[in-house]
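The values are calculated or read from the model by the stated rules, or taken from the named source; none is laboratory data. The structure displayed is predicted, hence computed values, not measured ones. Glycine gets a Cβ as well: all are built from the backbone with ideal geometry, and neighbour counts include every protein chain shown.
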Amino acid sequence: MVEIKPEPVRTAFYKYHIEAGARMVEFAGYHMPVQYKGITAEHLAVREYVGLFDLSHMGEFEVSGPGALDYLQKVTTNDVAVLQPGMIQYSCMTLPDGGIVDDLLVYRLANRYLLIVNAANIGKDLAWLESHAAGDVLLTNRSAETSLLAIQGPNAQKVLSELTSFDFDKMAYYTSAVTTIAGIELLFSRTGYTGEDGFEIYIPPEHTDTLWKAITEAGRKHGMELIGLGARDTLRLEMKMALYGNDIDETTTPIEGGLSWIVSLDTDFIGRDVIAQQKADKPKRRLVCLELEGRAFPRHGHDICVDGWVVGQVTSGTFSPSLKKPIALGYVPRTHAKADSRVEVAIRDKMFPALVVKPPFYKHGSHR
C-alpha cells in the first residue's frame, strides 16, 4: 500500500514569501523560505542591521493547572521554580537514559507556562508530555493557531519601537511581556537564535496580515531584510546554538552536548540520576567547535580524525559568512575536546586540519 504524504502546511505568511521571490522548501512538514537574496547576504544583514524571520512552524504548548510547576520540574531539566512571571529559560526534556527528547524554551506567564518546541518534534513532544501528565495539569497544543515572527539584529529594537511605546531599555534578554504592537495586544519576548539582539512575536490568525505589513514597513528605514532558514542556520551555528536532529538528539545527553548549564540536579527530572552520574564521571565525548584550515566546506556526517583514526563526526558545518572561514560542530573524545586541540576533518577523501576553539565562534553579537 502506497503511503500518501500530506501536503506541507503553508504558514500565514506564505503569500508574502512568494511575492518576495523566496526559494521555498519543505521543512518539518511546512512550506518554508530557505532564502530570498542569498544566504550570505541575509546572514550579514542580520549581523549588521536587522532581519525578519517567519518562525510559524515552531510548536507552542500551554501548561496550566495547580500541578503545572511540579509537572514541568519532572519533564524538563532546568529549575522552573526560579522563574518569575515574564521570565524565560532554555531547557530540554530527557529520556530515562539521559538522551534528549527535545530542547525548548519555557515561558513563565501570569497564570500559565508556555513551551516553545522544535517544529519537527511537535507530535513526538506532545505525545511525550501527555504520557507524563497527571490529573491537575492541563496541556494544550496551540501550535496550529499561533504564528511567530522574529526580528533579529542590532537594529531590532529600533524597528519594534516604530510600532509600540513599550520601554525596551528596561527589558532584559530572555524575558517576555504583553504590550500593544501595531495597535494589537500581543505576547512577545526578547529572545532569538542568532546571537543578536531581537524579539519574537506571537500572533493569532486574525492579526497576521496586519503585523507582517506593519513590521516590514517599519523595517524599511532600518535596513531590514527578509531572512530564510539557510541564514538562520549559519547564524545559530556561529553562536554554537544546538540544532536538534544534528547536534543533539535522543542518543546524546545534555552533558555531552555542552548543555550542563541548563541542567539542575536539585530537581528530580526524568533521567536525572543517569545525567548526574555522567556529570560526576565526566562524559567520554563532548560537542566541540572546530575551525578548519583551507577551502573546506564541512557538512553533517563528515568524519573527524586523529592520527588517521576516526574519532567522531561533524554534526553541523558551514563556511562562516562572518568569520570567512570554515567552521563545524562535532563530537570528539574528551581527551581531544580542550581548546587548541588539533584534529582533522575528512571531506571528499581529503583531510583538512582543524583546531578546537572556545565557543562561540562569533563573539561580537549584539544580544543583551
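Brief remarks on what is shown
- Condition met for ASP349 (surrounded by fewer than 14 Cβ atoms within 10 Å (Cβ to Cβ), at pLDDT below 95, out of contact with any Asp or Glu (no Cβ under 8 Å at 6 or more places or on another chain) and acidic (Asp, Glu)): yes
- LEU237 modelled with pLDDT of 95 or more, of a type in the set (A, V, I, L, M) and crowded, with 22+ Cβ neighbours inside 10 Å: yes
- The lone criterion from (1) surrounded by 17 or more Cβ atoms within 10 Å (Cβ to Cβ); (2) closer than 20 Å to TYR193 by Cα left unmet by GLY38 is number (1).
- As for the range 17-31, it holds at least one residue that is crowded, with 19+ Cβ neighbours inside 10 Å and within 20 Å of the chain's Cα centre (by Cα).
- When the residues of the range 116-153 are filtered to those that are surrounded by fewer than 18 Cβ atoms within 10 Å (Cβ to Cβ) and acidic (Asp, Glu), the one that is nearest to the chain's Cα centre (by Cα) is GLU145.
- Residue within the range 67-81 that is in contact with a strand residue (DSSP E or B) (Cβ under 8 Å, 6 or more places away or on another chain), under 30 Å from HIS222 (Cα atoms) and of a type outside the set (Val, Ile, Thr) present: no
- Restricting GLU7, GLU26, GLU60 to those that are free of Cβ contacts under 8 Å to residues at least 12 places away in the same chain and closer than 28 Å to ARG142 by Cβ reduces the list to GLU7.
- Selection status of HIS43, assigned by TED's automatic domain parsing to the domain that holds PRO154, within 21 Å of THR208 (Cβ to Cβ), surrounded by 15 or more Cβ atoms within 10 Å (Cβ to Cβ) and touching a residue at least 12 places away in the same chain (Cβ under 8 Å): no
- For the range 348-362, residues that are of a type outside the set (Asp, Glu) and farther than 14 Å from GLU291 by Cα total 2.
- For ALA218, the criteria (1) closer than 23 Å to ARG23 by Cα; (2) over 19 Å from the mean Cα position of the chain (by Cα); (3) of a type outside the set (D, E, K, R) hold in every case but one, which is (1).
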